Amino acid sequence: MNEATKMVKREDARELERPDEPGSYRMSGYGYGADEEAKVNLLDYWRAVRKRLWMVAGVAALITTLASIYVARKPDFYEASSRVQVDLENNPMYAGKTTPYIYSPVSDPAYFNTQLQILTSPGLLRRVVKTLDLQHNQSFLKPQSAQPHSTWKTIMRMWGIGGAEKKDEGKQPKELPLTATMAPATSSEDLAEAKRLAPYVGALQAGLKIEPVRESRAGLYKETRLIDISYTHGDPATAAKITNAVADTFVRANLEKKNETNTSTSEFLSRRVAELQTQIRNDEEKLVSYAKNNQILSLDASQNTVVERLAGLNKQLLEAENDRKMAEAEYNAAKTPGAAGALAEANGKDIADTESKLADLRQKRAQLAVDATDEAPEIKELDQQIAELQKHLTETRSRNASTLLTNLETRYRQTLAREEALRKSFNQQKSETVTQNEAAINYRILQQEIETNKGLLDNLLQRSKENDVVLAGRPNNISIVDYAITPDYPVGPARMRSVMLAFVLSLGLGIGLALFLEYLDDSIHSTDDVEKFLRLPALAVIPAMGGSSRRRLLVSATALQKRNGTNGANPELLLKMDSRSPLAESYRQLRTSVLLSTAGRAPKTLLITSSLPGEGKTTTAVNTAISLAQTGASVLIIDADMRRPRLRSIFDLPEKEGLSSILSSEMKPQDMLDAIARDPVSGLHVLTSGPIPPNPAELLGSDQMRKLLEVLGTRFTHIVIDSPPVSSFTDGVLIASMVDGVLLVVHGGKSSRGVVRRSRQLLRDVGAKIFGVVLNNVSMQSHDYYYHQSYYAQKYYEKEAGA
C-alpha cells in the first residue's frame, strides 16, 4: 500500500471517531464554527417547516375547520342569576317580644358555609323539581336551543359576518311569573320518590352554580352575606324560572326549619280540636236519643239528693280526667328533645337576665379588643366573667329543664291519682243509686261530659290562635335580594376561543409533524447536507426538469436526436438543448469544478459513479463529457458498466468490440484505439462496454485495464469513465484506484445518508481521490436554490422570447 493510501486511511479513521450528528460535528474544513453551526440548526428547522408548508397549512386548516363545525353545532346556553341574603341567626329567646335582637359581633362562617351546601343539596333540588314539575316540562327536557339549527349561519355569526340572531318575540313570555305554590319536602322515608327524581336532580346540579359575593376594595376582597344563585340552560325562560324557584325554596325551607317546633304544636292542637268537635257532636246525639227513649222530662236536683250527689261526683271526675289529660299532654310534650329546655327558658327570668349580662360582657370585650390584645388583664378578666356566666347559664338551663320536667311529672301523677280516687267514689255512688234513678243519672252524665268537652274545646281553640300568632310573627333571617330575569343573550359556548385554541394546537401539530417527517427523512437534499454529513465538497447541483422547462428541453432534445439520426429515445443527451438553460449552466459549473480540482493540471482520468442504481450517474457522465468536449479538448467516455451498459444505445452506435473485448484479450495499442467510436454531433469519442462478460470485476481490476488507461491517456485530453454503483458492485471501487479522481453522484431527496457514507468509505479505503459530490435531480423550488433558478430561468426565457 502506498503512502497516500495510508494517509487517507488514517485521516478517515480520525473522522470516523467523531460522530456524524449535526450537534457534535464541526465542519472546520469548510470554515464553519460552533456559533454558525447553531444558526444552521435553527435554519434547518425553518427549512423543514417551509419545505412542508402546505402540509402544515393543510393540517391547521383541516383541524380548525372541523373544530369550527363542531363548536357551531353545539347549542347556545343561557345563564340566569338571582341573589339571596343570609343574615345571622336570630336569638329564639326574644321571639314575639319587642326586645331588639342581639347579634354576635363575630360572624359564624360555619353557618354561612352550611347554607351554601344546603343550596345544592338533593333534598332542596327535589323540592324544586316537584314545584316546577320538571319531569314533565318539555322546555327543561328539550330546550329550544338544542333543536337543529343552521351550522353555516352559526359559523358566519361566530366570525361577525351574519350579525346577531333575531329572537322570535312571540315565543318569549312577556313576564316571568314567580313561584306561586311550592311542593312539600320529600319525606326522608320516601326513597322511591328520591330515586325517581335523581336524574332531574343531577341535571339541576350540573347547571347550578352557587357563589358567595365578595366585595372588592383597593384590590382586597371583603366577605359579604350575599349569595349568587346562577343556573345555565339552553332555554332562557327555564333558566330564570329554575333560579327563582331555587331561591324561593331555599327561603321557605329555612323558615319551615325555624318553625318546626311550633308547627308540630299547631298540628297537635288542630288534631285535638277535630277530635273534640266530633266527640261533642256524637255525645249530643246520644243525649237526645237517650232522653227520648227513656221519656225523661225533668232532672230537678232538689227532688233527688242521690242524683245531685252523683252528679257532683261525675262533674269532679270529668274535671279530674281533663286535668289528667292536660297534664299528660304537657308532660309528653316536655319529654320531646329540647322542649323542656325551651319551656324552662321561656319562663325563666334569671336566664334572660344572665343572657343579657353575657351579651353586654361580650360587647364590652369586643370594644376593648380593638385597642388591647388577648393577653391584656382587662380582656382576661372579661373572658373569665364570660366563662363563669356561660357556665352559670348552662347549669341554670339544665337545672330549670330538669325541675320543669319533674314538676310536670309530679302534676301528672297527682291528677292521675285524683282521677282514680274520684272514679272509685263515683263507681261506689253509682252502684248505690243505679236502681233508684238509672235513667236520670245516665242523662246527667252525658250532659256533663258534653259541657266539659265544650269547655276544653274553647281552651284548645284559644291556644291554637296564640300559636298561629307566634308563627306569623317569627322573622326569617334569609331573604331574596334580586330575582332572576330572562336573559337576552347566550353566555356560551365560547366558540371563537375554542376555534383559536384549535388553530394554535393544529399549527403546533402540523409543525411537529413536519419536523418529525424531516427527522425520519434520511436522504440528502442540499449542498449543506453534503458538506455536513459526507464532509465532501458539493461540486455542482443538477436541477430536476419539470413544468414548462421540461417541455422546452424535451423539444430541444428531440431536435438534437433527429439530427443525430435517432428516434428520440435518448433523454440523457440534455446538454445540447440550449447553452443558456439552467441545466447547461449547472454542467458548465461542474466542468469548471472538475478542471480546478487538481493543482497544476486538469485531471486526465475521471470516474463518475453513484451509490445505488437510478441516481443519474450515466446522464451525468455523458453530459460532463460533452461539457469538457465543448472546450475543444479531446474527450473519451468509457462505458465501464458492463452489467447494464447504456452508452451504445444513447449514442446509437453499432455493435462492435468494446471494453470487455479489450480487457479479455491481448490487444495492441492501435487495436485498442480502433475499438473507439466517435459521435459526429457532440464530438465525443465513445468506448462502449462490448459484449457482457461473466466476470466484470476481474476484468476491470486487471493489469490490462491499467495498460488501457495508459494507452488512452496519451491520445485523449480527458477520459470519463461510467462505472456501476459502488455500494452494489466492486467494479467502481477497482477503477477508482486507477483514475485521477472520482465524482460521486447523489440523487437529491432520495439517496440515503448511510448508503452514501458507506460508498465514500469504500472509495477511501482503496485510496481513491474523491473530487466531490454531484447533487443530481434537485428541486429548484426550494429556498436554497431559489436565486440560482430564478436568475438562469429568467435569462433562458428571455432568449426563448427573443427567438
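On full extension of the chain, what length is gained from residue 372 through residue 153, given 0.36 nm per residue of separation minus the C-alpha to C-alpha distance? Can you show the working numbers first?
Values: separation 219, 0.36 × 219 = 78.84 nm, distance 6.83 nm.
Net length gain for the segment: 72.0 nm.
Arranged from highest to lowest average of other beta-carbon atoms within 10 Å per residue, in what order do the peptides 729-736, 415-422 appear?
Ranked from most to least packed, the peptides come out as 729-736, 415-422.
Kindly write out, for the stretch 732-744 in residue order, the coupling ³J(HN,Hα) from the Karplus curve 6.51 cos²θ - 1.76 cosθ + 1.60 (θ = phi - 60°), rounded to whole Hz, with x marking Gly and Pro.
Rounded to whole hertz, the list is x, 5, 5, 5, 4, 7, 10, 9, 6, x, 10, 10, 9.
Using 0.36 nm per residue of separation minus the Cα-Cα distance, give me the extension gain between residue 652 and residue 500 in nm, one decimal.
Values: separation 152, 0.36 × 152 = 54.72 nm, distance 6.37 nm.
Working it through step by step, the gained length comes to 48.4 nm.
By per-residue mean of other Cβ atoms within 10 Å, what is the highest-first order of 656-663, 283-290? Walk me through the numbers on the way to the answer.
Numbers: 656-663: 21.2, 283-290: 14.5.
Order by mean packing, descending: 656-663, 283-290.
Step through the table entries 364/391; 424/465; 209/465, compare each Cα-Cα distance with 30 Å, and write down the pairs that go over it.
With Cα atoms farther than 30 Å apart: 424/465; 209/465.
Using R₀ = 45 Å, calculate the FRET efficiency as 1/(1 + (r/R₀)^6) where r is the Cβ-Cβ separation of residue 466 and residue 138; round to 0.05.
Working: r = 48 Å, r/R0 = 1.06.
Step by step, r from the Cβ atoms, then E = 0.40.
Mind ordering 324-330, 528-534 by average Cβ neighbours within 10 Å, highest first? Please list the in-between numbers first.
Values: 324-330: 16.7, 528-534: 20.9.
Per-residue mean Cβ counts within 10 Å order the peptides as 528-534, 324-330.
Using the basic label-point model (7 angstrom from Cα toward the beta carbon), what is the residue 489 to residue 118 distance in nanometres?
3.7 nm
Quick check: at a probe of 1.4 Å, how many percent of the accessible area of the stretch 684-748 sits on carbon and sulfur atoms? Present the calculation step by step, with values, prior to reporting the outcome.
Numbers: 1100 of 2090 Å².
Carbon with sulfur: 53 percent of the solvent-accessible area.
Taking the Cβ of residue 231 as the centre, find all other residues whose Cβ is under 10 Å away and add up their charges (Lys, Arg: +1; Asp, Glu: -1).
On the way: positive: 209, 241; negative: 79.
Spelling it out: positives minus negatives among the neighbours equals +1.
Can you give the accessible area per residue of the stretch 716-782, in Å², using a 1.4 Å probe?
Values: 1930 Å² over 67 residues.
Dividing the accessible area of the stretch 716-782 by its residue count gives 29 Å².
Post the alpha-carbon centroid distance, the stretch 655-725 to the stretch 727-763, in whole angstrom.
21 Å
Would you mind calculating the gained length between residue 750 and residue 88 on full extension (0.36 nm times residue separation, minus the Cα-Cα distance), in nm to one decimal?
Numbers: separation 662, 0.36 × 662 = 238.32 nm, distance 8.13 nm.
Answer, rounded to one decimal: 230.2 nm.
Mark the label point 7 Å from the Cα of residue 224 along Cα→Cβ and return the residues of the stretch 71-91 whose backbone N is within less than 12 Å of it.
83-86
Checking the table 74/142; 335/357; 617/769; 222/380 against a 21 Å threshold on Cα-Cα, which pairs fail?
335/357; 222/380
How do 738, 496 stack up against each other in accessible area, from largest to smallest, with a 1.4 angstrom probe? Kindly include the intermediate steps, with their values, before the conclusion.
Values: 738 30, 496 65 Å².
Of 738, 496, the descending order of accessible area is 496, 738.
Just the accessible area for residue 52, please: 1.4 Å probe, Å², rounded to the nearest 10?
Counting only protein heavy atoms, the figure is 50 Å².
In vacuo Debye scattering of the stretch 624-693, one point per C-alpha: log10 I(q)/I(0) at q = 0.17 Å⁻¹?
So the normalised log intensities work out to -0.60.
The values are calculated or read from the model by the stated rules, or taken from the named source; none is laboratory data. Please read all numbers here as calculations on a predicted model, not as lab measurements. Counting neighbours? That spans all protein chains shown, and the Cβs are built from the backbone with ideal geometry, glycine included. The area values use the complete protein model at the heavy-atom level, side chains included, leaving out ligands, DNA and RNA. Shrake-Rupley method; radii C 1.70, N 1.55, O 1.52, S 1.80 Å.
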